[in-house]
Amino acid sequence: MIVIKLLFWLSFIYMVVSIGYLLVIAIAGRFGKLPVYPLQAAKKRIAIIIPSYKEDAVIIDTARNAIAHNYPSENFRVLIVADKLEKETLSHLRQLPVSVLEADVNMKSRSVHAGLQFLNENDFDIAMILDADNVMGEGCLEKVNDAFQQGCIAVQCHRIAKNQQTSIAILDAVSEEININLFRRGPAVLGISAAPAGSGMAFTFGLLKQIFNAPPILASPAEDREIDIHLMKQKIFMHFIDDAYVYDEKVSTKVVFEKQRVRWLEAQLNHLRRFFDADMKNSPKTITYFTRFFQNFILPRLLLLMILSSLFILICLQRIFSFHIVTPAPVLWLSLIVMYVVALLLSIPRKFYTVRFLRALASVPALMFVMLKAVLKMKSNRKEFLHTPKVFKP
């Protein structure tokens, strides 16, 4: 019984710290203000790099949308890094005013590296990474330009759902917005560098080339985490531009959801391990450094929800059948549950509070079990990129 009580207390302390942190960040993101970058007449030259691994279904539409973006055409260039694309797809791409670089590298980080080597650094001020399914919202590059004209050297745009055709896609869209608030908008408001999202990211061309010349990133399937490590080492602040939208396809089936979550879980574990590597010993111990280190110990939302839901059920059973096992007092656990729900609700934009969203919530229990399956499928030393195919075209 003593062991059980000790486990409850340790769990409670862990939850207090984790949920307390998330609530503070959620409040900051919901009510705080980010810098506003005024419109600039001068225009930076921007290279848009789009790595595409077997994305024949969407890459042509992505390329067309990219070249049609409302930024002066003489000031930006689109490069498609084609990895394992069909000949017919390549033929269609070459009929468009985009550059096409064929590569056989099997990993996003290596595709970006190849693209950066292919482009002439002297021709561009900024390099922006998009995924093969991404579509830039109106004025996105203009807002990126404004931020860089004001001295930013690394920015993360606001990724937003491109599709919500299934309950799982709706929930994934909501999850993206929660991530935005808890790991990008909220931290940026508090003076903590925003976390890279993997796409919709822009850097000075030389900085991005430096990042992708580092050996660790070329061996990692989680290039966004390695970008984060590099920025931390150099004390570079990544800004978040809330109104620069990049539309991103959300997963719409349980199979793809599971595969994606396996990749994310492995990335979180490997990111934690990176803090103990030799090259991190001299990394500046900034607030961003300690925040990122701590974030790796926070369980994914679905797992936290599963644990807290189980505790709620146990508290109810304890009340009904008059036995005592939960410690500390149930009211403290219930307060924690309320705090966590509030943190999530604060992070969800008002536009999602619809009947469709309420119906989609019925899929959450099933996704909890999918998440458990993802945990069991994790590999600590995976070297290949877990590809999640994109198929949605608006």
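Every number here is computed from the coordinates shown, using simple stated rules; none is lab data. Everything numeric here is computed off the predicted structure, so don't read it as measured data. As a convention, Cβ positions derive from the backbone with ideal geometry for all residues, glycine included, and neighbour counts pool all protein chains shown.
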Dipole of the chain (Lys/Arg Cβ +1, Asp/Glu Cβ -1, origin at the Cα centre): which of 297, 174, 187 lies farthest to the positive side?
297
Cα centre as origin, Lys/Arg/Asp/Glu Cβ charges: the chain dipole, Debye
1160
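Provide the net charge surrounding residue 139, with neighbours chosen by a C-beta distance below 12 Å and charges set as Lys +1, Arg +1, Asp -1, Glu -1.
The answer is -3.
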Mean Cβ-within-10 Å packing, highest first, puts peptides 359-368, 198-207 in the order 198-207, 359-368
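Express in % the proportion of alpha carbon pairs of the chain at distances exceeding 31 Å.
Details: 29917 of 77421 pairs.
Distances greater than 31 Å cover 39 percent of the Cα pairs.
Equivalent-ellipsoid semi-axes (√(5λ), Cα gyration tensor) for segment 184-241, whole Å, largest first?
Numbers: eigenvalues 78, 26, 22 Å².
Those come to 20, 12, 10 Å.
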The chain, Gaussian network, Cα under 10 Å: of 130, 336, 231, the residue fluctuating most is 336
Could you work out the local net charge near residue 208, counting Lys and Arg as +1, Asp and Glu as -1, over the other residues with Cβ closer than 13 Å to its Cβ?
-4
Where does the charge balance sit around residue 32 when Lys and Arg score +1, Asp and Glu -1, over other residues with C-beta under 13 Å from its C-beta?
+3
Most fluctuating residue of 92, 230, 69 in a GNM of the chain with Cα springs under 10 Å: which is it?
92
What size of dipole, in debye to the nearest 20, comes out for segment 35-250 about its Cα centre when the only charges are +1 on Lys and Arg C-beta atoms and -1 on Asp and Glu C-beta atoms?
460
Whichever lysines have a C-alpha closer than 21 Å to that of residue 254, once near sequence neighbours (fewer than 8 apart) are set aside
54, 162, 373, 377, 379, 390, 393
For the peptides 111-121, 183-193, what is the packing order when you average, over each peptide's residues, the other Cβ atoms within 10 Å and list the highest mean first?
183-193, 111-121
Could you run the Karplus curve 6.51 cos²θ - 1.76 cosθ + 1.60 with θ = phi - 60° over segment 281-289 and give me ³J(HN,Hα) per residue in whole Hz, x for Gly and Pro?
4, 9, 5, x, 8, 8, 4, 5, 4
Cα-only radius of gyration and Dmax that characterise segment 35-250, units Å:
16.3, 49
If Rh is defined by the Kirkwood formula over all Cα pairs and Rg also comes from Cα, what ratio Rg/Rh do you get for segment 20-116?
1.15
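Rounded to the nearest 20 debye, what is the charge dipole size of segment 50-165 about its Cα centre when +1 sits on each Lys and Arg Cβ and -1 on each Asp and Glu Cβ? Each step should come with its number before you reach the end.
Values: 11 positive and 17 negative charges, 44 e Å.
Roughly 200 debye, rounded to the nearest 20.
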Let's test the formula: R0 of 45 Å, r as the Cβ-Cβ distance of residue 68 and residue 325. What FRET efficiency results, to the nearest 0.05?
0.15
Just report the Cα centroid separation between segment 1-28 and segment 305-366, whole Å.
14
Roughly how many whole Å is it from the C-alpha centroid of segment 87-125 to that of segment 217-278?
22
